[in-house]
């Protein structure tokens, strides 16, 4: 088997296992256990060890394979706005990390996972300050159905912090 064939075979196996585990809803500790299990599995980590140093296998699985998996399965802000019936006439600018778009030069929409709310809040604020004539700055938060995000008081604290920065928070299911 060529290195390319091994990587493709491992990618398919890991993607199948990630889908079965409902990857997007796992916390960091749960994901870490899967990385360990996959690194030690002969049909995943064992195959990768044939083409790379053993110490690189876990990093390859986590950063390369699962990084691509996460990007391919993430919400797209354009599709989300359409599903919410939000009109975005012209996309003036697109941003990455966190994903955001500036519509018609005046409305900024930022999409973030709940666990990344702090850094996204600051990014939303900074981006809005760079734009002259901003009318709205909205942060759309998803992945908030577990842990501290189910606590209404915690969500209120986030909304309060956002409000102080002139950012509106919308919780997306």
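The values are calculated or read from the model by the stated rules, or taken from the named source; none is laboratory data. Note that the coordinates shown come from a computational prediction; the quantities given were computed from them, not determined experimentally. We place every Cβ from the backbone using ideal geometry, glycine too, and count neighbours over all the protein chains shown.
Results, tabulated for the structure shown:
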quantity	calculated
Of all residues making up region 145-173, the number that are modelled with pLDDT under 90 and part of a loop (DSSP other than H, G, I, E, B)	5
Meets criteria (free of Cβ contacts under 8 Å to residues at least 60 places away in the same chain, out of contact with any helix residue (DSSP H, G or I) (no Cβ under 6 Å at 6 or more places or on another chain) and either in a helix (DSSP H, G or I) or under 26 Å from residue 11 (Cβ atoms) (or both)) for residue 56	yes
Residues located in region 40-53, provided they are surrounded by 14 or more Cβ atoms within 10 Å (Cβ to Cβ) and in contact (Cβ under 8 Å) with a residue 24 or more places away in the chain	44, 47, 48, 51
Among the residues listed as 89, 105, 67, the single one being surrounded by fewer than 16 Cβ atoms within 10 Å (Cβ to Cβ) and either in a loop (DSSP other than H, G, I, E, B) or assigned by TED's automatic domain parsing to the domain that holds residue 144 (or both)	89
Residue check for residue 25: touching a residue at least 12 places away in the same chain (Cβ under 8 Å) and farther than 25 Å from residue 144 by Cβ	no
Residue in region 77-85 that is outside the structural domain of residue 16 (by TED's automatic domain parsing), free of Cβ contacts under 8 Å to residues at least 60 places away in the same chain, in a strand (DSSP E or B) and surrounded by 16 or more Cβ atoms within 10 Å (Cβ to Cβ) present	no
Count - residues of region 116-144 that are part of a loop (DSSP other than H, G, I, E, B) and in contact with a helix residue (DSSP H, G or I) (Cβ under 8 Å, 6 or more places away or on another chain)	3
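For (1) at pLDDT 90 or above; (2) surrounded by fewer than 17 Cβ atoms within 10 Å (Cβ to Cβ); (3) outside the structural domain of residue 142 (by TED's automatic domain parsing), each residue gets a yes or a no:
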residue	(1), (2), (3)
14	yes, no, yes
23	no, no, yes
26	no, yes, yes
31	yes, yes, yes
38	yes, no, yes
